[in-house]
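The values are calculated or read from the model by the stated rules, or taken from the named source; none is laboratory data. Since the model is a prediction, treat every value here as computed from it, not as a measurement. Counting neighbours? That spans all protein chains shown, and the Cβs are built from the backbone with ideal geometry, glycine included. Just the protein is used for accessible areas: all its heavy atoms, side chains included, with ligands, DNA and RNA removed. Shrake-Rupley method; radii C 1.70, N 1.55, O 1.52, S 1.80 Å.
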Amino acid sequence: MIYRIQIFAFIVTLSIIFLCLGQTGEKSLVELKSDWKFINKDNLEFARPDYNDANWKSIRVDKTWDKQGYSRNEGFGWYRIKVVIPSSLKENAFLKDSLIFHLGKIDDFDQVFLNGFLIGENCKNVHSGSKPSNAFKNLENSYWNEERNYSLSVNDPRIKWDQENVLAIRVYNWGGPGGVYSGDLYISMPDISKYLELEIKPGIFTTHKQMINKKILLKNKASKYTIDGTLEVTVKNNITGNKLFTKNYSLHIKPKKQMEIAFDFPETKQSTTIKYEVNFDKGIRSIKYKEGVPYILTPPKKPQPQINYPRVYGERVGKPFLFRIPASGKRPMKFSAQGLPTGLTLDTETGIISGKVMQKGTYDVKITAQNELGKDQKTLRIVIGDQIALTPPMGWNSWNVWGLSVTQDRVYAAAKAFVEKGLADHGWSYVNIDDGWEIYGESKEPKRKPNGEIRTNKKFPDMKKLGDDIHALGLKFGIYSSPGPLTCGGYTASYGHEFQDAQTFAKWGVDFLKYDLCSYRKMMKDMHSVDELIPPYQKMNKALQKVNRDIVYSLCEYGLGKVWEWGAKVGGNLWRTTGDIWDSWDRMASIGFNQEQAAPYAGPGHWNDPDMLVVGWVGWGENLHYTKLTPDEQYTHISLWALLSAPLLIGCDLQRLDDFTLNLLTNDEVLAIDQDPLGKQAIPVIKDGDIQVYKKELADGCIAMGIFNLGKSTTKYTLNLRKIGIEQKCKIRDLWRQQDLGIFGATFTTIIPEHGVTLVKIFKTK
Ligand code: GLA
């Protein structure tokens, strides 16, 4: 799953399959949660019902096979289970036409056999008589994140009613975790709820006069059944517990028809959840779904000038210097600078500083930004020395949004959005292309020019122009490659051409290189071996040192060989500490809350990278969806990444930036925590049940603190300030609201919603 991420649907339609809850007394399903057997080999004989699997090992299906002692490498695995399918299933069923095998998620590809016959492959049913072919594993996109539900007609002779059946799953993993892993596997007959589709469009609300409006659609997909039932909608403020809205709708939806439901409730500026519950007649599982309502905490931006972060920036002697002063406020604005080192000039209209400095030194430059409403003055520290990336890089990367369908236009659109939507005024500066700009490895086209120079594919007609255009906006330009012959997406990479590629990148004006291990793993004996991991990264480091510009060096090898211990030695400015992130609470939280062992290695010039942000419209391909993190989970995501001094790389469509996401990404007091020049990564200082308290020391002597609620319900928590080393009275400020909360003595009490955070700055008083 490291390699690619499956395309998600544009509209999140909530299928009954994974949302049904509650059960009735009648036997309505056959559980397949345990008794599976496994082998990590491949042989089509394994599908045969009479195959003797006595020597196979037991395996769990609620976690991938690599978590059970098998390899994460590319390869096959087979699962088998023997199961009796009782005919009472069909007798008790509401709809008596088909039988469904719910097999959960499978990483990456699968073929499913019932009693030796292929019944499904990669999320699709197959025709009876289909023969398995090896092509099932040679696809562009992995299905690792998709539910497998295969159905057969009840009359299908392949089903042996009231007898033992053998179900076999052939899995092919193309790298990273592999196997059957989501746990809830069962066989059932469909009921009427199968035909009901709730189209909720998470994240989409309209607000009018402090009332929030939500519309949902209930669609009956059946061609002959009418859906009767009720829908209960409840909207609750999670902090006060107050119900803001509750209503029962009765449903009578004719075949192929739909019903729209719209409702309003008051805006609270606090954590709020909408719960939907559809109930049918007795005996049918109900559908439950909940969504968070976006609530903006960041105060509206002032029209007066405000100089934001970062306020320290480094470049090496004689290398092209480019820095756009991050300043918010009404345009036009006039900039001036006092104390700029020789060789740099400031464009007074745009606030872009450029040039070349030939003298090492630390220069405290007094920057003034002025508009018709006022002015702001701050010190920008320019350090011309040996280090770059003095604060964690902030920018955008194409992967989490466009995946391999990235284009030159899409990258430039992101750069333009940084300026037009004001993100550049809050320090967002790197615009990075991820995988997918090179020539595809299996294409017949030449991958390189006759002189060996790497070629771009036709989606990137002019890389040099793209670099120039991005620089003209005062922004930085990033690119991606791999030390192996191919990238993770199967495109041409730098193996054997490291020095030449570094020169080409420099010629294009590249300021940032993400160097992703990918296919190089196949050339290693042991991909965890530090001795084998260092040379390819060292080689590219040497190549980058030789070019005529500074290139931030981002190591991407998923944390293998404890990269934090040696990443700086091979010139890394940032290094991924984990596998890929995606927009689920479990994934984001399991990455974010497990960064402790790498913490001591972060600091100016070299950062731990827990992967890119998953807020806004994401998709890893053409079809985007709104992040599946709730608003509270998103506050946690950004707060935690800021406390961790993590590189902040937005991975969403900036053309489609909703107000909530924009505000989440432009809160300067929160961003200041990430960009703090001391560069100390927060560590958890208290773990108390579901509560975790993270503490980060700041350059000004203050403390940033995040109190996170990892639990599933709102919690009131009282923090003993002594326990985190605060002995005297202190002033506490809420960073998301940008509000002082008061002076506190021994304790601080806060109410935190499910998966939410209270993020504060603590000022010690004398
Ligand atoms: C790996 C990386 C991702 C992304 C893809 C591109 O999975 O970890 O961040 O760069 O490759 O193929």
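Points to keep in mind about this one:
- Note, ³J(HN,Hα) from phi for the stretch 655-663, Karplus 6.51, -1.76, 1.60, rounded to Hz, x at Gly and Pro: 6, 10, 8, 7, 4, 4, 5, 4, 5
- 3J(HN,Hα) along the stretch 477-488: 10, x, 9, 9, 7, 9, x, x, x, 10, 7, 5 Hz, from the Karplus curve 6.51 cos²θ - 1.76 cosθ + 1.60 with θ = phi - 60°, whole Hz, x for Gly and Pro.
- In the stretch 196-293, Cα pairs under 8 Å separated by at least six residues give a relative contact order of 30 percent.
- If the chain linking ARG722 and THR379 were pulled fully straight, counting 0.36 nm for each residue of separation and taking away their Cα-Cα distance, it would gain 120.1 nm.
- Dipole magnitude for the chain: computed about the Cα centre from +1 point charges on Lys and Arg Cβ and -1 point charges on Asp and Glu Cβ, it is near 880 debye.
- With all pairs of different C-alpha atoms in the average, the Kirkwood value for the hydrodynamic radius of the stretch 306-385 is 12.6 Å.
- Value of relative contact order over the stretch 684-764, rounded to a whole percent, pairs C-alpha under 8 Å and six or more apart: 35 percent
- Shown here: the stretch 377-524, whose C-alpha atoms stretch 56, 33, 27 Å along the first, second and third principal axes, sorted largest to smallest.
- Computed over Cα pairs, the Kirkwood radius of the stretch 684-764 leads via Stokes-Einstein (0.692 mPa s, 37 °C) to a diffusion coefficient of 259 µm² per second.
- Across LYS215/LYS247; LYS96/LYS194; LYS33/LYS194, pairs whose alpha-carbon gap is larger than 18 Å: LYS33/LYS194
- Per the Debye formula on identical point scatterers at the alpha carbon atoms of the chain, with no solvent, log10 I(q)/I(0) at q = 0.06, 0.11 Å⁻¹ is -0.41, -1.30.
- Three-way shape call for the stretch 647-724 based on the alpha-carbon gyration tensor, with the a/c threshold at 1.5: oblate
- The fraction of all Cα pairs in the stretch 394-680 landing in successive 5 Å bins from 0 to the largest distance is 1, 6, 13, 17, 20, 19, 13, 8, 3, 1, 0, given as whole percents.
- Estimated Rh, the stretch 108-166: Kirkwood, alpha-carbon pairs, angstrom: 12.5 Å
- For the chain, the per residue solvent-accessible surface stands at 40 Å², with DNA, RNA and ligands left out and a 1.4 Å probe.
- For the stretch 438-573: rounded, prolate or oblate by the Cα gyration tensor [a/c cutoff 1.5]: oblate
- With the charge dipole of the chain set up from +1 on Lys and Arg Cβ and -1 on Asp and Glu Cβ about the Cα centre, the Cα lying farthest toward the positive end among the listed residues ILE284, PRO157, VAL670 is that of VAL670.
- Here the relative contact order of the chain, from alpha carbon pairs under 8 Å that lie six or more residues apart, stands at 10 percent.
- Extending 7 Å from the Cα toward the beta-carbon at both LYS764 and LYS449 defines two label points whose distance is 5.9 nm.
- Residues in the stretch 742-750 carry Karplus couplings, in order, of x, 9, 10, x, 7, 9, 9, 10, 9 Hz; the curve used is 6.51 cos²θ - 1.76 cosθ + 1.60 with θ = phi - 60°, and Gly or Pro positions show x.
- Given R0 = 30 Å, the distance between the Cβ atoms of LYS215 and SER713 translates into a calculated FRET efficiency of 0.60.
- Here, the stretch 24-190 is characterised by an Rg to Rh ratio of 0.95, where Rg is the alpha-carbon radius of gyration and Rh the Kirkwood radius.
- Taking a Cβ cut-off of under 13 Å around LYS539, the surrounding Lys, Arg, Asp and Glu residues balance to a net charge of -1, with basic ones at +1 and acidic ones at -1.
- Where a label projected 7 Å from the Cα of THR240 along Cα→Cβ would reach, residues of the stretch 249-283 with amide N under 15 Å: 265-273
- Computed Rg/Rh of the stretch 592-690, alpha carbon atoms with Kirkwood Rh: 0.99
- P(r) for the stretch 196-293, from all Cα pairs and a bin width of 10 Å, is 15, 46, 28, 10, 1 %, short bins first.
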